[in-house]
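Student: So that we are looking at the same thing, I have put the structure below in structure tokens.
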């Protein structure tokens with residue numbers, strides 16, 4: 001009989017003892033960015049409790065009986081339902097958390113000056129920075145530009161044809177957040193680095209001209225005289241063959257094989273011209 005009374009009293013105590021439900025009293029802050037720390041107060045927060053943000057489950061960085069902190073994962077911008085999962089089951093209490101994207105930041109460009117005429121393998125600029133969320137794009141002078149997202153810290157600008165001068169580059173995220181502009185320069189001035197005699201024929205020989213910003217419509221002046229581009233019949237002054245941005249071939253028909261000083265100069269369609277380049281050739 002005494003045993004029965006003791007058991008009954010213990011059962012009554014168990015029923016009468018208060019059950020402390022998990023409760024969230026405050027969430028701070030409620031507007032955050034990925035990587036920010038959020039602090040919850042309330043509790044009691046049991047060991048092993050996890051945080052649910054939308055469909056993401058996050059392990060807290062610190063859990064105390066009345067305080068819990070966690071770090072916002074890299075989720076897209078938007079409003080998310082925040083709840084706790086003690087023992088993997090929702091506590092039922094839900095808060096709204098507003099997540100905004102971090103402002104993208106351009107730290108550096110691998111090139112701050114590019115030539116107007118570029119070989120395909122050189123026609124890109126690497127953009128290094130921070131907070132380039134997936135789906136970010138590049139703006140060139142305020143307009144969408146061909147680009148490629150590589151990682152949250154790296155993007156590639158695929159250079160379109162650009163006029164000479166300064167141009168502004170920005171990163172824009174899917175949430176329409178823009179970085180501060182970073183400028184780079186397009187150099188449209190042709191330049192001759194070297195010129196030397198190439199293949200020799202019976203009545204002509206080639207002069208190999210190397211430099212930069214050579215365009216298909218560029219004009220070669222030899223001692224001030226324009227040289228015709230390649231044609232079916234050779235001109236008395238010679239012929240010009242365009243190879244690429246860095247190479248041209250001037251076919252020369254000399255009256256004599258005695259070397260003499262000759263000045264070469266490139267003029268582009270926009271009027272920009274190289275400095276004269278002097279060499280001794282027949």
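The values are calculated or read from the model by the stated rules, or taken from the named source; none is laboratory data. Every value quoted in this text rests on a predicted model; they were computed, and no experiment measured them. For neighbour counting, all protein chains shown are included, and Cβ atoms are generated from backbone atoms with ideal geometry for every residue, glycine included.
Student: Report the residue count in the range 163-190 for those that are surrounded by fewer than 16 Cβ atoms within 10 Å (Cβ to Cβ) and closer than 30 Å to residue 273 by Cβ.
Tutor: 6
Student: Of the numbered conditions (1) touching a residue at least 24 places away in the same chain (Cβ under 8 Å); (2) outside any strand (DSSP E or B); (3) farther than 20 Å from residue 152 by Cβ, residue 40 fails exactly one; give the number of that condition.
Tutor: Result: residue 40 fails condition (2) only.
Student: Specify which of the listed residues (280, 275, 213) is over 30 Å from residue 123 (Cβ atoms) and in contact (Cβ under 8 Å) with a residue 12 or more places away in the chain.
Tutor: On the way: 275 fails: over 30 Å from residue 123 (Cβ atoms); 213 fails: over 30 Å from residue 123 (Cβ atoms).
None of the others qualify; the one that does is 280.
Student: As an exercise: evaluate residue 37 against (1) surrounded by 13 or more Cβ atoms within 10 Å (Cβ to Cβ); (2) within 17 Å of residue 94 (Cα to Cα) and give the number of the one condition it does not meet.
Tutor: Unmet for residue 37, out of (1) surrounded by 13 or more Cβ atoms within 10 Å (Cβ to Cβ); (2) within 17 Å of residue 94 (Cα to Cα): (2).
Per-residue answers, yes or no, for (1) within 11 Å of the chain's Cα centre (by Cα); (2) part of a strand (DSSP E or B); (3) not assigned by TED's automatic domain parsing to the domain that holds residue 74:
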{"position": "155", "(1), (2), (3)": "yes, yes, yes"}
{"position": "162", "(1), (2), (3)": "no, no, yes"}
{"position": "169", "(1), (2), (3)": "yes, yes, yes"}
{"position": "174", "(1), (2), (3)": "no, no, yes"}
{"position": "180", "(1), (2), (3)": "no, no, yes"}
{"position": "183", "(1), (2), (3)": "no, yes, yes"}
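Student: Still on this structure, I have one more. Only one of 265, 210, 273 is touching a strand residue (DSSP E or B) at 6+ places or on another chain (Cβ under 6 Å), modelled with pLDDT of 95 or more, surrounded by fewer than 16 Cβ atoms within 10 Å (Cβ to Cβ) and more than 30 Å from residue 144 (Cα to Cα). Can you tell me which?
Tutor: On the way: 265 fails: surrounded by fewer than 16 Cβ atoms within 10 Å (Cβ to Cβ); 273 fails: surrounded by fewer than 16 Cβ atoms within 10 Å (Cβ to Cβ).
Sole residue among the options that is touching a strand residue (DSSP E or B) at 6+ places or on another chain (Cβ under 6 Å), modelled with pLDDT of 95 or more, surrounded by fewer than 16 Cβ atoms within 10 Å (Cβ to Cβ) and more than 30 Å from residue 144 (Cα to Cα): 210.
Student: Residue 144 versus (1) within 30 Å of the chain's Cα centre (by Cα); (2) surrounded by 14 or more Cβ atoms within 10 Å (Cβ to Cβ): which is the lone unmet condition?
Tutor: Among (1) within 30 Å of the chain's Cα centre (by Cα); (2) surrounded by 14 or more Cβ atoms within 10 Å (Cβ to Cβ), the lone unmet condition for residue 144 is (2).
Student: Sticking with this structure for a sec: Can you find a residue in the range 47-60 that is in a loop (DSSP other than H, G, I, E, B) and closer than 15 Å to residue 35 by Cα? Before the answer, list the steps.
Tutor: The first filter runs over the range 47-60 and keeps only residues in a loop (DSSP other than H, G, I, E, B), leaving 47-49, 54-55, 59-60.
Filter once more, keeping what is closer than 15 Å to residue 35 by Cα: 59-60.
The answer is yes, given that some residue of the range 47-60 is in a loop (DSSP other than H, G, I, E, B) and closer than 15 Å to residue 35 by Cα.
Student: Now a separate question. Return the only residue of 118, 170 being in contact (Cβ under 8 Å) with a residue 60 or more places away in the chain and more than 30 Å from residue 241 (Cα to Cα).
Tutor: Step by step, each of 118, 170 is checked, and only 170 is in contact (Cβ under 8 Å) with a residue 60 or more places away in the chain and more than 30 Å from residue 241 (Cα to Cα).
Student: Turning to a different aspect of this structure: Restricting the search to the range 46-63, which residues are surrounded by 15 or more Cβ atoms within 10 Å (Cβ to Cβ), over 28 Å from residue 174 (Cβ atoms) and in contact with a helix residue (DSSP H, G or I) (Cβ under 8 Å, 6 or more places away or on another chain)?
Tutor: 49
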